[in-house]
Amino acid sequence: MLDSTAEAELAAVCDIDGERAGALAAGTGARTYLDWRDLLDREDLGALIVCTPPTSHREPVTAALSRGLPVYLEKPIARTLEDAAEIVAAAEHTGTVCAVGYQWHALDLLDDLPGLLGSQQVGLLVGTSIGPTQPRPWFVDMRAGGGNLLERGSHHLDLVRAVAGEVVTVQAAASRVRLAGASESGDIDDALTIMLELASGALATVVVAWTRPGQPGSYGLDIIATEATLRLGLDPDFTLSGVSGGQPVSRRAGSHPFERSVRRFLQAAAGRDPAAVACAPPDAAATLAVAVAAEQALATSRAVKVEA
Ligand SMILES: NC(=O)c1ccc[n+]([C@@H]2O[C@H](COP(=O)([O-])OP(=O)(O)OC[C@H]3O[C@@H](n4cnc5c(N)ncnc54)[C@H](O)[C@@H]3O)[C@@H](O)[C@H]2O)c1
């Protein structure tokens, strides 16, 4: 994450697995820890990156924020709405900079959309997140990681909200086919469709499929408006193409959204400006509320209202 960022260097690494901490620190001169509390007590850091599994986000993040230490927290904000609310409250009470790593939220092409769409109404969004990924133990355990819905689908839920506003109601269904194979060690769905009704009246679908190693990926968002048909291409290239108001659109991102997300965080931390991050905790908590509603929709086969 920090390889491409000249403004920061790795000072220390913590992992309950000492080998993994050592591997990450190797060659950097960074000190290693097995307990994040020791790291916070002994190090004089400028910022902290929290990239533990979702059930282990709340404690290190709230502890760091209460010390005034800026935090870049990997998405999702947390596994539960309760943990998310504590992180939001800690960021608010301490006024410490905290960014959540929904990197597509930092895509510069999103800044072009208001100008391209003008007063048009967006009617439909279609997001696809199809491709292989690593079967980490917490990821294949629905209770621990929220499966493909939270781990992968929530990137798109966040993107839909960033492009077209708040979600009111969610429906969802999962395929019974084991596409990925590797999921047999766990209890998560490999392929699912989430349908979102937005406050604007627009509709969105998000399709997630975990496929086998070697299968090609397909990541994108189609945006259909009254006089526009646009496609945001996502990963590995970030592009915006199509037609709006009769004019062809063909643009390429000026920088990788991940780099931009981290750079905006570092600038926000340097300027002590919590509002300058690409995705702040309240925004990521709102995305989690949509994901939690989708999880309930999957479990009940009913439309579920999103908790405000
Ligand atoms: N933004 C993205 O595109 C993106 C991509 C992948 C993962 N992520 C997010 O990053 C986070 C981690 O994912 P990953 O794929 O790196 O998982 P991982 O399982 O590969 O790594 C997590 C590490 O955290 C360590 N760990 C667990 N509990 C800990 C604790 N209490 N203290 C210290 N270390 C602890 C584990 O030993 C492991 O080495 C998740 O929240 C995931 O959603 C984001």
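Numbers for the structure displayed
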item	result
Residues (of a type in the set (Lys, Arg), farther than 27 Å from Leu288 by Cβ and surrounded by 12 or more Cβ atoms within 10 Å (Cβ to Cβ)) located in region 24-58	Arg31
Strands (runs of 3 or more DSSP E) completely within region 203-308 that count 3 or more residues being touching a residue at least 24 places away in the same chain (Cβ under 8 Å) and within 27 Å of Val50 (Cα to Cα)	203-210
Matching residues, region 63-82, being away from the ligand (no atom under 12 Å from the Cβ) and in a helix (DSSP H, G or I)	Ala64, Leu65, Ser66, Leu81, Glu82
Residue count for region 190-232, restricted to those that are out of contact with any helix residue (DSSP H, G or I) (no Cβ under 7 Å at 6 or more places or on another chain) and among the small types (Gly, Ala, Ser)	8
Of all residues making up region 22-31, the number that are within 11 Å of the ligand (Cβ to nearest atom) and under 18 Å from Ala8 (Cβ atoms)	1
Criterion violated by Ala90 - all others in (1) assigned to a strand (DSSP E or B); (2) within 23 Å of Ala278 (Cβ to Cβ) satisfied	(1)
Cross-chain or 6+ apart pairs with Cβ under 7 Å, region 40-62 first and within 12 Å of the ligand (Cβ to nearest atom), then modelled with pLDDT of 95 or more and acidic (Asp, Glu)	Val50/Glu74; Cys51/Glu74; His57/Asp83; Arg58/Asp83; Arg58/Glu86
Residues located in region 187-237, provided they are of a type in the set (Asp, Glu) and surrounded by 15 or more Cβ atoms within 10 Å (Cβ to Cβ)	Asp189, Asp190, Glu197, Asp222, Asp235
Qualifying positions in region 187-211 - out of contact with any Asp or Glu (no Cβ under 7 Å at 6 or more places or on another chain), more than 17 Å from Leu298 (Cα to Cα) and of a type in the set (A, V, I, L, M)	Ala202
Residue, surrounded by the fewest Cβ atoms within 10 Å (Cβ to Cβ), within region 143-169, restricted to residues that are away from the ligand (no atom under 13 Å from the Cβ), small (Gly, Ala, Ser) and assigned to a helix (DSSP H, G or I)	Ala162
Residue pairs meeting the criteria (Cβ under 8 Å; at least 6 apart or on separate chains; first touching a residue at least 24 places away in the same chain (Cβ under 8 Å), in region 12-31; second of a type in the set (Asp, Glu))	Ala12/Glu43; Cys14/Asp35; Cys14/Asp38
Ala180 vs. criteria in a strand (DSSP E or B), assigned by TED's automatic domain parsing to the domain that holds Gly146 and in contact (Cβ under 8 Å) with a residue 40 or more places away in the chain	no
Search result, residues across region 102-134 that are crowded, with 17+ Cβ neighbours inside 10 Å and either within 11 Å of the ligand (Cβ to nearest atom) or under 23 Å from Leu81 (Cβ atoms) (or both)	Tyr102, Gln103, Trp104, His105, Ala106, Gly127, Ser129
Candidate set from region 86-101 (those that are farther than 20 Å from Pro257 by Cα, touching a residue at least 60 places away in the same chain (Cβ under 8 Å) and surrounded by 18 or more Cβ atoms within 10 Å (Cβ to Cβ)); member that is farthest from the ligand (Cβ to nearest atom)	Thr96
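Conditions tested, residue by residue: (1) polar (S, T, N, Q); (2) at pLDDT 95 or above; (3) within 30 Å of Gln121 (Cβ to Cβ); (4) not assigned by TED's automatic domain parsing to the domain that holds Lys75.
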position	(1), (2), (3), (4)
Met142	no, yes, no, yes
Ala164	no, yes, yes, yes
Thr169	yes, yes, yes, yes
Ala191	no, yes, no, yes
Gln215	yes, yes, no, yes
Asp235	no, no, yes, yes
Ser244	yes, yes, yes, yes
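The values are calculated or read from the model by the stated rules, or taken from the named source; none is laboratory data. Note that the structure is predicted; figures quoted are calculated from it, not measured. Don't worry about glycine lacking a Cβ; one is built from the backbone with ideal geometry, like all the others, and counts go over all protein chains shown.
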